[in-house]
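Chemist: My structure is below; once you've seen it, I'll send some questions.
Quick note: the coordinates plus some simple rules give every number you see, no bench work behind them. Since the model is a prediction, treat every value here as computed from it, not as a measurement. Neighbour counts are summed over all protein chains in view; Cβ atoms, including those assigned to glycine, are modelled from backbone coordinates with ideal geometry.
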Amino acid sequence: MNTNFHHVGIVVHDLKLAIEKYCRAFGHDSGDIQIHTQYYITGKGEEEEFDYAFIPLGNNCYIELVFPLSEGPTKRYLEKKGEGLFHIAFESDDILSSIETFEEAGFPLAGRTPTEEVLSVFFHPKSAHGVLIQLMKKNLLLPDGSPNLDVINQTQ
């Protein structure tokens with residue numbers, strides 16, 4: 001099993017402004033950054049939708065900027081705590097074994113992708129020293145942050 005750091009998620013009030021700022025800081029053209037929309041189901045069955053964009057840092061590491069579009073944990077977090085670190089994400093070449101390892105280490109699941117096969121899960125921040133942890137199937141996301149349809153289609 002190989003689990004590696006992939007990205008840090010930052011929740012923001014203004015996605016376009018945040019993209020421009022981070023792109024200036026890391027020497028990217030903000031016009032090259034794509035905004036994607038995604039939805040997620042929490043462990044309690046709550047659905048939420050959000051826009052996000054990935055800023056490349058090199059070596060398959062990114063900053064993900066997240067803006068909630070609907071009610072849910074991300075929006076509540078932004079309203080309660082304001083902008084800032086939202087989660088850290090890792091990718092695994094064997095996600096089921098990695099989930100088991102995390103759970104055995106004391107990290108309970110907080111939510112997962114709404115797909116038949118497990119593509120991405122979150123571990124509850126209360127058990128992770130205040131940090132929401134995301135674990136994704138390796139190569140689930142392309143470098144621009146869009147879902148890798150080859151990986152998703154292999155699961156169906």
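Chemist: If packing is taken as the mean number of other Cβ atoms within 10 Å per residue, what is the order of 54-60, 4-10, 147-153, highest first? Display every interim value, and only then the final one.
Modeler: Values: 54-60: 15.1, 4-10: 17.7, 147-153: 12.7.
In descending order of packing, they fall as 4-10, 54-60, 147-153.
Chemist: State log₁₀ I(q)/I(0) for the chain at q = 0.17 Å⁻¹ as given by the Debye formula over alpha-carbon point scatterers of equal weight, solvent excluded.
Modeler: Taking Cα atoms of the chain as identical point scatterers yields -1.03.
Chemist: Give the span of the stretch 4-79's Cα atoms along each principal axis, as three whole-Å numbers ordered largest to smallest.
Modeler: For the stretch 4-79, the Cα extents along the three principal axes come out at 39, 29, 18 Å.
Chemist: Then there's this: For Lys137, which lysines qualify as cross-link partners when the Cα separation must be under 22 Å and same-chain residues fewer than eight apart are set aside?
Modeler: Cα-Cα hits under 22 Å: Lys44.
Chemist: I've got another one for you. Starting from the Cα of His28, move 7 Å in the Cα-to-Cβ direction to define the label point; list residues of the stretch 62-97 whose amide nitrogen is under 13 Å from there.
Modeler: 62-66
Chemist: Could you state the angle between the C-alpha long axis of helix 95-104 and the longest principal axis of the C-alpha atoms of the chain, as a value from 0 to 90 degrees rounded to the nearest 10?
Modeler: Taking the Cα atoms of the chain, the angle to 95-104 is about 70 degrees.
Chemist: For the chain, what is the mean residue ellipticity at 222 nm derived from helices alone (per DSSP H run of n ≥ 4: -39500 (n - 2.57); sum divided by total residues; nearest 500 deg cm²/dmol)?
Modeler: About -7000 deg cm²/dmol.
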